[in-house]
Amino acid sequence: MNTSLKIAIGSFFAAAAVIKGAPAIAAPAEPQNVSIVRTADLDLSSETGRRTLDQRLANAAREVCGAVSDVDLEGKNDVRACRSKVLSDARTRGQQLASRGGSILVAAAR
């Protein structure tokens with residue numbers, strides 16, 4: 001077989017492989033809803049400050065996870081699971097911030 005023909009066939013298969021894999025590479029990333037909870041104005045060493053932070057985190061979890069119709073039971077369960085996970089993660093970050101202050105990023109892929 002001719003060398004140039006081998007190169008042409010090899011190039012064809014390489015191009016075909018790239019084109020075939022392009023949709024997987026180009027797939028958009030899962031969008032995330034994000035909310036930032038500010039803690040600079042809170043005294044996290046006090047019970048009132050921690051309670052206020054927990055209320056802010058719960059509100060942010062509701063905001064980023066969204067809501068669905070009452071008739072969509074599967075959707076309701078998904079939202080409930082999202083809120084539980086997001087709130088748990090945010091509370092963990094809140095405990096870490098208690099000593100140094102700052103903001104908490106609350107995010108969910110929905």
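Pairs are defined by a Cβ separation below 9 Å, a sequence spacing of at least 6 or placement on different chains, a first member in segment 51-75 that is under 30 Å from residue 39 (Cα atoms), and a second member that is surrounded by 14 or more Cβ atoms within 10 Å (Cβ to Cβ) and acidic (Asp, Glu); the pairs so defined are 65/78; 68/78. Name the residues in segment 16-52 that are part of a helix (DSSP H, G or I) and either within 14 Å of residue 94 (Cβ to Cβ) or at pLDDT 65 or above (or both), would you? 19, 20, 47, 48, 49, 50, 51, 52, listed by residue number. Can you name the condition, by its number, that residue 4 falls short on among (1) surrounded by 10 or more Cβ atoms within 10 Å (Cβ to Cβ); (2) at pLDDT 70 or above; (3) part of a helix (DSSP H, G or I)? Of the numbered conditions (1) surrounded by 10 or more Cβ atoms within 10 Å (Cβ to Cβ); (2) at pLDDT 70 or above; (3) part of a helix (DSSP H, G or I), the odd one out for residue 4 is (1). When the residues of segment 66-109 are filtered to those that are modelled with pLDDT of 85 or more and touching a Leu at 6+ places or on another chain (Cβ under 9 Å), the one that is surrounded by the fewest Cβ atoms within 10 Å (Cβ to Cβ) is 91.
The values are calculated or read from the model by the stated rules, or taken from the named source; none is laboratory data. Computed from a predicted model, the values in this text were never measured in an experiment. Quick reminder, even Gly has a Cβ in these numbers, built from the backbone with ideal geometry, and neighbours come from all protein chains shown.
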